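The values are calculated or read from the model by the stated rules, or taken from the named source; none is laboratory data. These numbers come from a predicted model, not from an experiment. Glycine also receives a Cβ, built like all others from the backbone with ideal geometry; neighbour counts cover every protein chain displayed.
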Ligand code: KIV
Ligand code: ZN
């Protein structure tokens, strides 16, 4: 990861600059098989779930929310299959979600029987619209609901001592909840579970619907980070959704504000506009010189698996992975990229213009970096002919040939690849 500069090497002011940067990756938790899955036209069947789980393990996730077992038989059965079939790697912990209701908690704990280690993720909504309009509950009722649920999980966990239990609590709609009330509920949960620094509770603070600029969410996280009574016994987790399109920024600021852990999905799968995109977060860290602890060195393989499992396409301009993100159409970009590749020493900081990352780092090849259409210039054309066919054109020939190509693309209205270029070159200069 050291081939990337952490930030531009120019200090803008004499104040400390930049004010803060991320220095380490968070604990990652994939909820592709839960939040991601519940938002699909067609939820994953067992075969797709297996394939997704295997891919998530290969990428390097150590915490994976695999199901909402009390909500569907398929989910319940999948948890049983993972445990009974011993499909969970020794360093991976599975997580399951449950509402804070007695019969659902009992069913959830049953699904986990025999697990080596498990995270039980319990939630109830805490914001005023939910209290008043949906549940008709007072603040005290909502707090009591969370505490009773945690007490029941603790009781059931003690009866299943073969499993190492971790509790996660989410005040759903946290970012719309009065902060002091959210803190009181989280403190009560921490106390009830009997969390200690050696046995911390995960307190997860969702932007269930993203409703503010990223700095506001980060301020909310920072406030909780400072105000939680037993912060040393808490792993502070964030769970951003992307309704305003700023989930990645909100997450990065939340990490700077004190969060330890991030829940999200591959390529931003998930309810509505999705959960935060963990691939973008991880590769953003990578470009800042921080090893993210997740392996996206064959990003196309991960993308194809995600598309197969979700049955949803990834946008061609999706950061780091889209089919077009290592492609330059404009002539001036092509020219600069060509010169950047020629000047780039193997061991130097990555310095190729217009490419924020070396495509090879995510398993993409230089071959597809430059494509040629009617807006392209001589640089891209020369690059393609040289890299594909070893034809080195003198500068004047480059200028002349680029106008031949431009005539061709203007007439045809289409893009040409290296092979087309060769055919035009041969027809123009070799066959006459
Ligand atoms: O978005 C959300 O609030 C959730 C909770 C269940 C954690 O997915
Ligand atoms: Zn969610």
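Test residue 24 against the stated conditions and say whether it is within 17 Å of the chain's Cα centre (by Cα) and either within 16 Å of ligand 1 (Cβ to nearest atom) or part of a loop (DSSP other than H, G, I, E, B) (or both). Against the criterion (within 17 Å of the chain's Cα centre (by Cα) and either within 16 Å of ligand 1 (Cβ to nearest atom) or part of a loop (DSSP other than H, G, I, E, B) (or both)), residue 24 qualifies. With the structure loaded, tell me whether residue 222 is within 30 Å of residue 113 (Cβ to Cβ), away from ligand 1 (no atom under 15 Å from the Cβ) and modelled with pLDDT of 95 or more or whether it fails that test. So residue 222 does not fit the description; no. For the stretch 323-338, does any single residue satisfy the condition of being part of a loop (DSSP other than H, G, I, E, B), farther than 30 Å from residue 292 by Cα, in contact (Cβ under 8 Å) with a residue 24 or more places away in the chain and within 29 Å of the chain's Cα centre (by Cα)? Checked against the condition, which is being part of a loop (DSSP other than H, G, I, E, B), farther than 30 Å from residue 292 by Cα, in contact (Cβ under 8 Å) with a residue 24 or more places away in the chain and within 29 Å of the chain's Cα centre (by Cα), the stretch 323-338 yields at least one hit. Screening the candidates 268, 274 for the property of being surrounded by 20 or more Cβ atoms within 10 Å (Cβ to Cβ), under 18 Å from residue 309 (Cα atoms), modelled with pLDDT of 95 or more and within 13 Å of ligand 1 (Cβ to nearest atom) yields one hit, 274.
For (1) over 22 Å from residue 67 (Cα atoms); (2) at pLDDT below 95; (3) within 16 Å of ligand 2 (Cβ to nearest atom), each residue gets a yes or a no:
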| position | (1), (2), (3) |
| --- | --- |
| 118 | no, no, no |
| 125 | no, no, yes |
| 163 | no, no, no |
| 175 | yes, no, yes |
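Per the listing 72, 111, the residue uniquely away from ligand 2 (no atom under 16 Å from the Cβ) and either touching a strand residue (DSSP E or B) at 6+ places or on another chain (Cβ under 9 Å) or without any contact (Cβ under 8 Å) to a residue 24 or more places away in the chain (or both) is 111. Applying the set (1) in a helix (DSSP H, G or I); (2) closer than 23 Å to residue 163 by Cα to residue 91 leaves exactly one unmet item: (1). Among residues of the stretch 414-432 that are more than 16 Å from residue 393 (Cα to Cα), those with a beta-carbon under 6 Å from a residue that is crowded, with 17+ Cβ neighbours inside 10 Å and modelled with pLDDT under 85 at least six positions away or on a different chain give the pairs 415/371; 415/373; 416/372.
Results for (1) farther than 22 Å from residue 34 by Cβ; (2) within 16 Å of ligand 2 (Cβ to nearest atom); (3) at pLDDT below 95, shown as yes or no for each residue.
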| residue | (1), (2), (3) |
| --- | --- |
| 130 | no, yes, no |
| 148 | yes, no, no |
| 152 | no, no, no |
| 158 | yes, no, no |
| 180 | yes, no, no |
| 183 | yes, no, no |
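Every residue in the stretch 306-321 that is modelled with pLDDT of 95 or more and in a loop (DSSP other than H, G, I, E, B), please.
Those that are modelled with pLDDT of 95 or more and in a loop (DSSP other than H, G, I, E, B): 311, 312, 313, 314, 315, 317, 318, 319, 320, 321.
Within the stretch 359-374, take every residue that is buried (at least 16 other Cβ atoms within 10 Å of the Cβ) and outside any helix (DSSP H, G or I) and give me the one that is modelled with the lowest pLDDT. Per the stated criteria, the residue is 369. Per the conditions (1) part of a strand (DSSP E or B); (2) more than 29 Å from residue 250 (Cβ to Cβ), the sole criterion not satisfied by residue 82 is (1). Among the residues of the stretch 182-201, write down those that are farther than 20 Å from residue 155 by Cβ and touching a residue at least 40 places away in the same chain (Cβ under 8 Å). Once the filter is applied, which keeps residues that are farther than 20 Å from residue 155 by Cβ and touching a residue at least 40 places away in the same chain (Cβ under 8 Å), the stretch 182-201 yields 182, 183, 184, 186, 187. Within the stretch 196-218, how many residues turn out to be away from ligand 1 (no atom under 16 Å from the Cβ) and farther than 13 Å from residue 245 by Cβ? Residues in the stretch 196-218 being away from ligand 1 (no atom under 16 Å from the Cβ) and farther than 13 Å from residue 245 by Cβ: 8 in total.
Looking at the stretch 59-75, which of the residues that are assigned to a helix (DSSP H, G or I) and surrounded by 15 or more Cβ atoms within 10 Å (Cβ to Cβ) is nearest to the chain's Cα centre (by Cα)? Looking at residues that are assigned to a helix (DSSP H, G or I) and surrounded by 15 or more Cβ atoms within 10 Å (Cβ to Cβ), I get 59. Under the condition of being within 13 Å of ligand 2 (Cβ to nearest atom), assigned to a loop (DSSP other than H, G, I, E, B) and free of Cβ contacts under 8 Å to residues at least 60 places away in the same chain, which residue from the stretch 229-272 is nearest to residue 361 (Cα to Cα)? Here the residue is 242.
Scanning the stretch 298-305 turns up at least one residue that is surrounded by fewer than 16 Cβ atoms within 10 Å (Cβ to Cβ) and either in a loop (DSSP other than H, G, I, E, B) or touching a strand residue (DSSP E or B) at 6+ places or on another chain (Cβ under 9 Å) (or both).
Taking the stretch 409-432, which residues are under 19 Å from residue 328 (Cα atoms) and touching a strand residue (DSSP E or B) at 6+ places or on another chain (Cβ under 9 Å)?
Once the filter is applied, which keeps residues that are under 19 Å from residue 328 (Cα atoms) and touching a strand residue (DSSP E or B) at 6+ places or on another chain (Cβ under 9 Å), the stretch 409-432 yields 409, 415, 416, 417, 418, 420, 421.
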